Structures are given as C-alpha cells and as structure tokens.
Amino acid sequence: MKTAVPCYYHLDVEVSPERVGQVSRILAAHLRYWDLETLVEPVRNGAEMLLRAIDEHATDKNISIEMWWNGQHLITAVGDNDRALRPDHELRACLRHIALVSDGWGCCATESGSKVIWFSQRARAGERARLVPVAPGPRLREARRVPREMPVTAVADAAGIRDGVLEEAR
C-alpha cells in the first residue's frame with residue numbers, strides 16, 4: 001500500500017455477461033492506479049459475483065458501482081435499481097461468499113426502493129508504505145540578528161516609539 005490519499009471512483013453500467021469481465025478489469029485498473037495491488041483479487045471476485053447474480057436475477061440491469069479508499073479501508077458498493085430483487089432470496093449465496101472473503105459487508109435500502117450492497121477490504125499492517133526521509137530545505141547563508149539581541153532603545157527607535165509612551169499607558 002503506497003497511497004494514503006483518499007480516492008473515489010464511480011461507474012454506471014448496464015450489466016450483461018460480456019460487461020462483467022469489462023467492469024472487473026476497470027476496477028482492477030483503478031486499484032492498480034491507486035497502488036492497491038493486493039486488494040485487486042478480493043474486489044474483483046466480490047464485484048464479479050454480485051454482477052453475475054444481478055445479471056441472472058434482476059429485471060432492471062442498470063447498476064452503479066462505487067469505490068472509496070480512505071488510506072486504510074477500501075469500500076466497494078454496488079447499487080441496483082430493481083425493487084423486486086431481494087438479497088435474502090436471490091443473492092443469498094453471493095452474500096454468503098462476500099461475507100467470508102471481506103472484512104465487512106452490508107446491504108441497505110435507498111429512498112427509491114432499490115438497494116446498495118457493499119463490502120470492505122482493510123489494508124494489512126505489513127502492506128503500508130514506509131516513511132521516506134525528506135531532504136532538508138535550503139539554508140540561509142546570511143545570518144540575521146534576533147530582535148532580542150538588540151538593545152530595547154534600538155527597537156523602540158526603529159518602531160518610532162518615543163520615550164515614556166509605555167509609562168503613560170499604565
């Protein structure tokens with residue numbers, strides 16, 4: 001894991017048997033671009049299973065896929081528009097497999113009546129990027145006097161403060 005910068009990707013697609021492989025390769029390419037090579041296979045497997053199940057059981061095949069990387073977790077969400085597709089019946093085997101291979105998963109309903117199925121993968125401790133020492137910045141070759149080294153009267157003269165102003169302020 002090299003990147004700790006938050007990343008986001010969104011894809012709207014109509015699922016078909018040919019598109020399952022395409023979408024899988026697109027997701028893998030984005031994960032490689034984000035330097036998340038070790039998460040490619042689990043995400044591809046989970047997304048392919050969901051897409052195949054949606055292709056087989058759903059009447060509305062338009063879906064949205066989103067991926068979020070926050071530096072520690074990658075969350076992949078697949079949202080469909082089919083109100084008749086029920087996760088507890090048609091997608092039960094798919095969700096069981098996703099629960100086994102992911103660090104977290106869930107299913108939630110949207111305001112329109114459709115559903116979003118998500119799963120997460122955590123970056124393992126040994127896969128994080130090592131800290132690289134930063135080269136020191138350029139130095140000033142000319143030394144400047146610190147104001148405390150100058151006598152107080154010199155500072156007051158430079159600021160245009162006349163004698164007794166502080167005494168009057170008390």
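The values are calculated or read from the model by the stated rules, or taken from the named source; none is laboratory data. Small disclaimer: the values here were computed from a predicted structure and weren't measured. Counting neighbours? That spans all protein chains shown, and the Cβs are built from the backbone with ideal geometry, glycine included. Heavy atoms of the whole protein, side chains included, go into the accessibility calculation; ligands, DNA and RNA do not. Shrake-Rupley method; radii C 1.70, N 1.55, O 1.52, S 1.80 Å.
Are any residues in the range 24-38 open to solvent by 10 Å² or more (accessible area, probe 1.4 Å) and part of a helix (DSSP H, G or I), and if so, which ones?
ARG25, ILE26, ALA29, HIS30, ARG32, TYR33, GLU37, THR38
List the residue pairs whose Cβ atoms are under 9 Å apart, where the first residue sits in the range 91-119 and is touching a residue at least 24 places away in the same chain (Cβ under 8 Å) and more than 16 Å from HIS73 (Cβ to Cβ), the second is assigned to a strand (DSSP E or B) and of a type in the set (Asp, Glu), and the two are 6 or more positions apart or on different chains.
SER114/ASP80; LYS115/ASP80; VAL116/GLU66; VAL116/ASP80; ILE117/ASP80
When you look at ASN45, is it over 14 Å from TYR9 (Cβ atoms), at pLDDT 85 or above and open to solvent by 50 Å² or more (accessible area, probe 1.4 Å), yes or no?
Here the answer is yes, as ASN45 does meet what is asked.
Which of the residues spanning the range 14-23 are open to solvent by less than 20 Å² (accessible area, probe 1.4 Å) and outside any helix (DSSP H, G or I)?
Scanning the range 14-23 gives a single hit, VAL15.
Would you mind stating whether ILE54 is within 19 Å of the chain's Cα centre (by Cα) and surrounded by 15 or more Cβ atoms within 10 Å (Cβ to Cβ)?
No: the conditions fail for ILE54.
Of all residues in the range 67-80, count the ones that are under 17 Å from the mean Cα position of the chain (by Cα) and either hydrophobic (A, V, I, L, M, F, W, C) or buried (at least 16 other Cβ atoms within 10 Å of the Cβ) (or both).
Here the count works out to 8.
Restricting to the range 61-96, and then to whatever is acidic (Asp, Glu) and out of contact with any strand residue (DSSP E or B) (no Cβ under 7 Å at 6 or more places or on another chain), can you tell me which residue is modelled with the highest pLDDT?
ASP82
Does any residue in the range 26-52 that is under 21 Å from VAL5 (Cα atoms) and hydroxyl-bearing (Ser, Thr, Tyr) come within less than 7 Å, Cβ to Cβ, of a residue that is modelled with pLDDT under 90 and open to solvent by 10 Å² or more (accessible area, probe 1.4 Å) six or more places away or on a different chain, and which pairs are these?
Filtered contacts from the range 26-52: THR38/GLU127.
If SER114 meets every condition in (1) among the polar types (S, T, N, Q); (2) modelled with pLDDT of 85 or more; (3) open to solvent by less than 80 Å² (accessible area, probe 1.4 Å) apart from one, which number is that one?
All conditions pass for SER114, except number (2).
Output yes when any residue across the range 19-27 is in contact with a Leu (Cβ under 9 Å, 6 or more places away or on another chain), of a type in the set (Gly, Ala, Ser) and modelled with pLDDT of 90 or more, and no when none is.
Yes, the conditions are met somewhere in the range 19-27.
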